[in-house]
Amino acid sequence: MKIRQDRVAINPLQWVASADGWIDPSLAPPLEQQLAAIRAAGIGAVHSAVPGDMAAKDYAALLAEHDLRPAPGYLPVRLTADEAENRQFRDNAARLAEQHAELGVPTAFLAMGMAKDATRVAHPGVGHDAQPGRLEQVRDLLAEIAGIFRAGGITPAFHPHVGTWAETEEETRFILDTVDASVLGFGPDMGHLAWAGADAVQLVRDYADRVASVHIKDLDLGIAAQAKLDGWDYRKTVLAGLWSEPGHGNADVDAFVGALPDDFDGWLVIEVDRGAQETPEESVRKCGEWAAKYV
């Protein structure tokens, strides 16, 4: 399957992988340095993340200087009884939708967020403490935030994620089956779904008409299985070498891409939370080598 060259992107998490198996944005080098390395790797687009001190038009201009295009960004939300936090999530959604509209990116990923002390971070990938009532609350929250994106002209793509209240195949299907397709699209991450034991290929086939964009994430399935067997937490599993550049793990990346509809015109966004390579630059280069086979 060939993908449009302007539809392959990267979310350069390699630079912000912290020593404790988490993500620390303060570790990122200057944005211009990241963009130069991405372009040198042959990747033509980057996950949209407009810096807080920059207007969307200036961000677009900076990408253009590096011959890069903006790709779908990402919004995490979480269940909370704090109305101030809920207002912040709604404001964040409206702002991201406005930025994406200005950047000309019609899709954004929408996910439940993680916290280091969350119970599913301590017990990842197994649907720990699943509760139907809570899942309905998650569904309602995602539907509400999705409506804000839709009002801004942007398609929200639901993104299941290990360590959150929406991680398993059963939870993914419940949310997609109980929120209308006109409200919420689908933005599967093959790596997180595989870690949670889901059949990502079948999910793409079953919800093909809702797949707006996807995350490409390769992993070591043996480490994922060992982590579940021994009860490792999220960070220990990541530090054990779970993630790798596409084609360097043992997940069936080709089958996942091949399951996309023939008329798919969404984005493939490569993510490597913690690369198997020695440096972030080398990791990004390996990602570019993989992307070249699809364009």
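The values are calculated or read from the model by the stated rules, or taken from the named source; none is laboratory data. Small disclaimer: the values here were computed from a predicted structure and weren't measured. Every residue, glycine among them, receives a Cβ derived from its backbone with ideal geometry; neighbour counts consider all protein chains shown.
Data overview
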read-out: Residue in region 151-158 that is under 16 Å from the mean Cα position of the chain (by Cα), modelled with pLDDT of 95 or more and either outside any strand (DSSP E or B) or of a type in the set (D, E, K, R) (or both) present; value: no
read-out: Odd one out for ALA194, checked against (1) over 18 Å from ALA143 (Cα atoms); (2) out of contact with any Phe, Trp or Tyr (no Cβ under 8 Å at 6 or more places or on another chain); (3) surrounded by fewer than 23 Cβ atoms within 10 Å (Cβ to Cβ); value: (3)
read-out: Which listed residue is surrounded by fewer than 12 Cβ atoms within 10 Å (Cβ to Cβ), at negative phi and out of contact with any Pro (no Cβ under 7 Å at 6 or more places or on another chain), from PRO70, PRO29, PRO25, PRO76; value: PRO25
read-out: From the options VAL105, VAL138, VAL204, residue that is in a helix (DSSP H, G or I), at pLDDT 95 or above, hydrophobic (A, V, I, L, M, F, W, C) and within 21 Å of VAL269 (Cβ to Cβ); value: VAL204
read-out: Hits in region 169-194 - residues which are of a type outside the set (D, E, K, R), within 16 Å of the chain's Cα centre (by Cα) and within 17 Å of THR155 (Cα to Cα); value: LEU184, GLY185, PHE186, GLY187, PRO188
read-out: Within region 11-33, tally of residues that are in contact with a helix residue (DSSP H, G or I) (Cβ under 6 Å, 6 or more places away or on another chain) and either basic (Lys, Arg) or not in a loop (DSSP other than H, G, I, E, B) (or both); value: 6
read-out: Leading residue by the ranking (nearest to GLY104 (Cα to Cα)) among those in region 242-269 that are touching a helix residue (DSSP H, G or I) at 6+ places or on another chain (Cβ under 8 Å) and of a type in the set (Asp, Glu); value: ASP265
read-out: Cβ pairs under 6 Å, 6+ apart, first in region 216-242 and free of Cβ contacts under 8 Å to residues at least 24 places away in the same chain, second in a helix (DSSP H, G or I); value: ALA240/ILE223
read-out: Residue in region 128-136 that is surrounded by fewer than 15 Cβ atoms within 10 Å (Cβ to Cβ), closer than 30 Å to ILE223 by Cα and touching a helix residue (DSSP H, G or I) at 6+ places or on another chain (Cβ under 7 Å) present; value: yes
read-out: From ALA60, ALA84, residue being aliphatic (A, V, I, L, M), over 26 Å from PHE186 (Cβ atoms), loosely packed, with under 13 Cβ neighbours inside 10 Å and modelled with pLDDT of 95 or more; value: ALA84
read-out: Condition check for ALA81: assigned to a loop (DSSP other than H, G, I, E, B) and of a type in the set (Gly, Ala, Ser); value: yes
